[in-house]
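Colleague: One structure, pasted below without further comment.
Every number here is computed from the coordinates shown, using simple stated rules; none is lab data. From a predicted model like this one, the values you see are computed outputs, not experimental measurements. No Cβ is skipped: glycine too gets one built from the backbone with ideal geometry, and neighbour counts run over all protein chains shown.
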Amino acid sequence: MAKVICQNCDAEFDEKEVKCPYCGFLYAPGMEEKYMSDLEDKRQALDVVDDEARADYKKEATTSGKKALRAIIIIAAIILVIVGAAKLQEYLLFHEKYSAEEELLWQQETFPILDKYFEEGDYDACFDILYSDENRDHHIWDWQHYDEFTKILDEEFESDTGGEDG
Ligand SMILES: [Zn+2]
């Protein structure tokens, strides 16, 4: 460490001193040095504060960004579920109504023909209509003579097999 001579009392002291430790005479280069180093300390302190503030801000921005993203995802999921449920309900209602209307039309068209064949005793014709591939999905059990007709079929089947046995 370099030493300097006091301009006032000729005593020797460290150049980092702000004033002579013996007579108190102010030492300008030391003061300047101290001022500059204090300034540097403050600047560094400010830098640290700045860095911390920036890190905090970044952290907060990231956190709030994540929160916002999560909120958007949740809202989107809720909307998707609501829209999906509405669409599904709409589809089911439409399908149900459509099927019911179709079925009613089919029955209004088909049952009188079945009635006619049934009354005539033409069970083969009834069977062909009831068990055809295209009528497979219709509610044939809604026909007024359905139970009677199936009973007749069973009896015919039994007498057929019975005949073979005897
Ligand atoms: Zn001195």
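Colleague: Output wanted: per-residue J couplings in Hz (rounded whole) for region 147-155, from phi through Karplus 6.51 cos²θ - 1.76 cosθ + 1.60, θ = phi - 60°, x for Gly and Pro.
Modeller: 4, 4, 5, 5, 5, 4, 4, 4, 4
Colleague: From the gyration tensor of the Cα coordinates in the chain, what semi-axes in whole Å does the equivalent ellipsoid have, largest first, with each one equal to sqrt(5λ)? Walk me through the intermediate numbers first.
Modeller: Numbers: eigenvalues 2566, 59, 12 Å².
For the chain, the semi-axes come out at 113, 17, 8 Å.
Colleague: Rounded to the nearest 0.05, what FRET efficiency is calculated for residue 49 and residue 87 with R0 set to 45 Å and r the Cβ-Cβ distance?
Modeller: Taking R0 as 45 Å, the efficiency between residue 49 and residue 87 is 0.20.
Colleague: For labels at residue 94 and residue 113 in the simple 7 Å Cα→Cβ model, what's the distance in nm?
Modeller: Going by the 7 Å Cα→Cβ label model, 3.0 nm.
Colleague: Let me ask another. Taking 8 Å as the Cα distance limit and 6 or more residues as the minimum spacing, I'd like the relative contact order of the chain as a percentage. Please report the intermediate quantities before stating the final value.
Modeller: Numbers: 73 pairs, mean separation 13.4, N = 166.
It comes to 8 percent, rounded to a whole number.
Colleague: P(r) for region 15-103, please, calculated from all Cα pair distances in 5 Å bins and given in %.
Modeller: That works out to 3, 11, 8, 7, 6, 7, 5, 6, 5, 5, 4, 5, 4, 4, 3, 3, 3, 2, 2, 2, 2, 1, 1, 0, in percent per bin.
Colleague: For the chain, what is the mean residue ellipticity at 222 nm derived from helices alone (per DSSP H run of n ≥ 4: -39500 (n - 2.57); sum divided by total residues; nearest 500 deg cm²/dmol)?
Modeller: Values: 3 runs with 121 residues, N = 166.
Result for the chain, helices only: -27000 deg cm²/dmol.
Colleague: Over the Cα atoms, compute the radius of gyration (one decimal) and Dmax (the largest Cα-Cα distance, rounded to a whole number) for region 1-54, in Å.
Modeller: 15.6, 51
Colleague: Run the quick spin-label model on residue 134 and residue 75: label points 7 Å from Cα toward the beta carbon, then report their separation in nm to one decimal.
Modeller: Taking the simple label geometry, residue 134 and residue 75 are separated by 5.4 nm.
Colleague: Full extension from residue 161 to residue 4: what is 0.36 nm times the residue separation minus their Cα-Cα distance, to one decimal in nm? Provide the component values of the computation, followed by the final result.
Modeller: Values: separation 157, 0.36 × 157 = 56.52 nm, distance 13.51 nm.
Length gained, residue 161 through residue 4: 43.0 nm.
Colleague: Strictly greater than 15 Å: what percent of every Cα pair in region 39-86 meets that? Walk me through the numbers on the way to the answer.
Modeller: On the way: 722 of 1128 pairs.
Taking all Cα-Cα pairs of region 39-86, the fraction more than 15 Å apart is 64 percent.
Colleague: Using a basic spin-label model with each label point 7 Å from the Cα along Cα→Cβ, how many nm lie between residue 58 and residue 11?
Modeller: Rounded to a tenth, the inter-label distance reads 5.1 nm.
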